[in-house]
Amino acid sequence: MTVIYLIRHGETMWNREKRLQGHIDIGLNDVGHQQAERLAKSLVDKKISAIISSDLSRAIDTAKPIALHHQLELNLDPALRERHYGVMQGLSHQEIADHHPENHQAWKKRDIHFQPENGESLAQFNDRVVTAIASWAKKYAGQEIAIVAHGGVLDCLNRAARKVALDVARDFEILNASLNTLTYRDEQFALVHWGDVNHLTESQGQPSKSLDEVDGSPR
């Protein structure tokens, strides 16, 4: 059995602006860098054998402190990128609704075959990321690995583990710099724990705000 610590990247300014990042390479903001450091410290005692990251900088910069603490080389995998949203990338939710209303409707309905111009469908995206993470889990069978990726990637893996269809409305949070634990055995993912952000608690005991994927609501 492989244990997977699945992590969403830290906060970016576009997360705050509720702007779709997709494949656009947006870096962490100051809060995101702080989140990455706190996350890394929380994982110091884990027996992590490998750390794998999307090749986009917001994921890389979240993964680097973990790799440093564990003295591991960082593996970059483009297959772990966020969904490619095509013409919707770089736009806010309101801008998509205003300028691409049909796209906005299909996106919100979670139409798995909707493919935005120059982008990929939810079904294509899901196949890409689930296949990639299963491959890494097999490579490190029986070990613990950390994977740093994006909100959409976490959405797909949660559903794969719980056997929830892609077109069902999301009923779980996907938070910046959250720690989510899954296992992989006999070609199957299983969910152990989801949405841990306890490591983001401020020194004075106040919880740090962590933004949810897509709707941007803080927790």
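The values are calculated or read from the model by the stated rules, or taken from the named source; none is laboratory data. It should be emphasised that the depicted structure is a prediction, and the values quoted were computed from it without experimental measurement. Here the Cβ is made from the backbone with ideal geometry for all residues, glycine too, and neighbour counts use every protein chain on show.
Can you tell me how many residues in the range 162-198 are under 24 Å from K18 (Cα atoms) and touching a strand residue (DSSP E or B) at 6+ places or on another chain (Cβ under 9 Å)?
The number of residues fulfilling the criteria is 14.
So which residues in the range 126-176 are touching a Ser or Thr at 6+ places or on another chain (Cβ under 7 Å) and of a type outside the set (D, E, K, R), if there are any at all? Let's see the steps before the verdict.
Going through the range 126-176, the residues touching a Ser or Thr at 6+ places or on another chain (Cβ under 7 Å) turn out to be 137, 140-145, 148-150, 175-176.
Of everything in the range 126-176, those that are touching a Ser or Thr at 6+ places or on another chain (Cβ under 7 Å) and of a type outside the set (D, E, K, R) turn out to be A137, Y140, A141, G142, Q143, I145, V148, A149, H150, L175, N176.
Quick check on the range 1-45: of everything there that is small (G, A, S) and touching a Gly at 6+ places or on another chain (Cβ under 8 Å), which residue is surrounded by the fewest Cβ atoms within 10 Å (Cβ to Cβ)?
Going through the qualifying residues, I end up with G32.
Among the residues of the range 103-126, write down those that are acidic (D, E) and either closer than 15 Å to D167 by Cβ or buried (at least 18 other Cβ atoms within 10 Å of the Cβ) (or both).
Once the filter is applied, which keeps residues that are acidic (D, E) and either closer than 15 Å to D167 by Cβ or buried (at least 18 other Cβ atoms within 10 Å of the Cβ) (or both), the range 103-126 yields D111, E120.
When only residues in the range 141-184 that are free of Cβ contacts under 8 Å to residues at least 24 places away in the same chain and either aliphatic (A, V, I, L, M) or under 18 Å from I52 (Cβ atoms) (or both) count, which is surrounded by the fewest Cβ atoms within 10 Å (Cβ to Cβ)?
Residue satisfying both the conditions and the ranking: A165.
Can you name every residue in the range 46-61 that is of a type in the set (S, T, Y), touching a residue at least 40 places away in the same chain (Cβ under 8 Å) and surrounded by fewer than 21 Cβ atoms within 10 Å (Cβ to Cβ)? Quick ask: steps written out before the conclusion?
Going through the range 46-61, the residues of a type in the set (S, T, Y) turn out to be 49, 53-54, 57.
Then drop every residue that is not touching a residue at least 40 places away in the same chain (Cβ under 8 Å), which leaves 49, 53-54.
Across the range 46-61, the qualifying residue is only S49.
Determine which single condition D212 fails, assuming it passes every other condition in (1) modelled with pLDDT of 95 or more; (2) under 12 Å from the mean Cα position of the chain (by Cα); (3) not hydrophobic (A, V, I, L, M, F, W, C).
(1)
If a residue must be within 23 Å of K46 (Cα to Cα) and assigned to a helix (DSSP H, G or I), how many such residues does the range 117-150 contain?
8
Pick out the one residue from S42, S57 that is in contact with a strand residue (DSSP E or B) (Cβ under 8 Å, 6 or more places away or on another chain), over 13 Å from N176 (Cα atoms) and hydroxyl-bearing (S, T, Y).
S42
How many of the residues making up the range 67-86 are at pLDDT below 95 and touching a Pro at 6+ places or on another chain (Cβ under 8 Å)?
Final tally of qualifying residues: 0.
Conditions first: (1) farther than 21 Å from E144 by Cα; (2) touching a strand residue (DSSP E or B) at 6+ places or on another chain (Cβ under 7 Å); (3) modelled with pLDDT of 95 or more. H113 passes all but one, so which condition is the exception?
Among (1) farther than 21 Å from E144 by Cα; (2) touching a strand residue (DSSP E or B) at 6+ places or on another chain (Cβ under 7 Å); (3) modelled with pLDDT of 95 or more, H113 violates only (2).
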